[in-house]
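To keep things clear, I will list the structure first and then write my remarks on it.
Rule-based calculations on the coordinates, nothing more; no lab input. None of these values were measured; they are calculated from a predicted model. Glycine also receives a Cβ, built like all others from the backbone with ideal geometry; neighbour counts cover every protein chain displayed.
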Amino acid sequence: MEIREYCVEDEKDWVECRLLSFLDSTYYKDVKKEKEKYPNHSLEYLAIEDGKVVGFIDVELNSDDLTQNKENGAIIWNLGVLPSYRGKGIANSLWEKVKEELKRKSFSYCELWTQDDKPANDFYRKVGFVQKSEFTYLRCRPKEVRQTIRLSDADVNAYFAEDMLFQASYSEKEKLEKICKDVVEVRLYAIYL
Ligand SMILES: CC(C)(COP(=O)(O)OP(=O)(O)OC[C@H]1O[C@@H](n2cnc3c(N)ncnc32)[C@H](O)[C@@H]1OP(=O)(O)O)[C@@H](O)C(=O)NCCC(=O)NCCS
């Protein structure tokens, strides 16, 4: 297995690898048809095995979206490995490459948002990230086509509501699980390097 930098010629392979890697996760509806571009400098690596792209990691440096340490912090925006290549240390190798590069550039902090998929949470914890529970919020998809959604701070009359994705505070979880088909926790993890 080889880890190398992403280049523009890899875009189609990146898009296909991301689609297949996220299909069995709670991100299955988050389909990207093009590779994302980041406003600040980024580290973008691919894992290559059997001559194909089997994994990827994207990290933006000094992102405006960081919750802290914007001056020497980084944020992971994308990490995935094809299902049939998992459990072989590929995500770990991608992260090790990023970590080495961050340290070389004197970055001392990294964070990421992820949802409540067990493999992703287990992975981040295993490599040393710590969850910052106070940032957890919910991403919800209602059950019904037409529905009044009543939250503590707003009433929403929603049509075609099953296509609607909305965010809510973690404290609403019990109530929302009764009226939604998906209630996903969005979690922040952080590590000091
Ligand atoms: C999360 C993901 C990237 C892990 O990739 P991977 O190459 O299988 O991970 P690794 O083999 O490097 O695993 C390293 C460690 O993470 C933990 N881990 C990874 N997957 C796990 C799983 N399914 N169950 C339990 N622990 C797991 C283990 O501790 C593992 O170490 P070990 O094998 O020595 O026990 C992969 O499952 C994936 O692509 N998931 C879908 C996309 C996604 O959710 N991305 C993250 C959101 S941005």
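What the table below lists for this structure:
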read-out: Residue that is farthest from Ser106 (Cα to Cα) [pool: residues in the stretch 66-80 that are within 11 Å of the ligand (Cβ to nearest atom) and not β-branched (Val, Ile, Thr)]; value: Gly80
read-out: Of residues in the stretch 1-39 being in a helix (DSSP H, G or I) and in contact with a Phe, Trp or Tyr (Cβ under 7 Å, 6 or more places away or on another chain), the one farthest from Asp50 (Cα to Cα); value: Phe22
read-out: Residues of the stretch 106-126 that turn out to be closer than 28 Å to Val183 by Cβ, more than 7 Å from the ligand (Cβ to nearest atom) and part of a loop (DSSP other than H, G, I, E, B), as a count; value: 1
read-out: Residue count, the stretch 78-109 (criterion: surrounded by fewer than 17 Cβ atoms within 10 Å (Cβ to Cβ) and in contact with an Asp or Glu (Cβ under 7 Å, 6 or more places away or on another chain)); value: 1
read-out: Residue in the stretch 22-31 that is aromatic (Phe, Trp, Tyr) and free of Cβ contacts under 8 Å to residues at least 12 places away in the same chain present; value: yes
read-out: Out of Lys103, Lys97, sole residue that is assigned to a helix (DSSP H, G or I), within 16 Å of the ligand (Cβ to nearest atom) and among the basic types (Lys, Arg); value: Lys97
read-out: Candidate set from the stretch 170-193 (those that are surrounded by 15 or more Cβ atoms within 10 Å (Cβ to Cβ) and among the acidic types (Asp, Glu)); member that is nearest to Asn121 (Cα to Cα); value: Glu185
read-out: Number of positions in the stretch 89-114 that are free of Cβ contacts under 8 Å to residues at least 60 places away in the same chain and over 16 Å from Tyr189 (Cβ atoms); value: 7
read-out: Any hit, the stretch 83-91, residues being more than 14 Å from the ligand (Cβ to nearest atom) and part of a loop (DSSP other than H, G, I, E, B); value: no
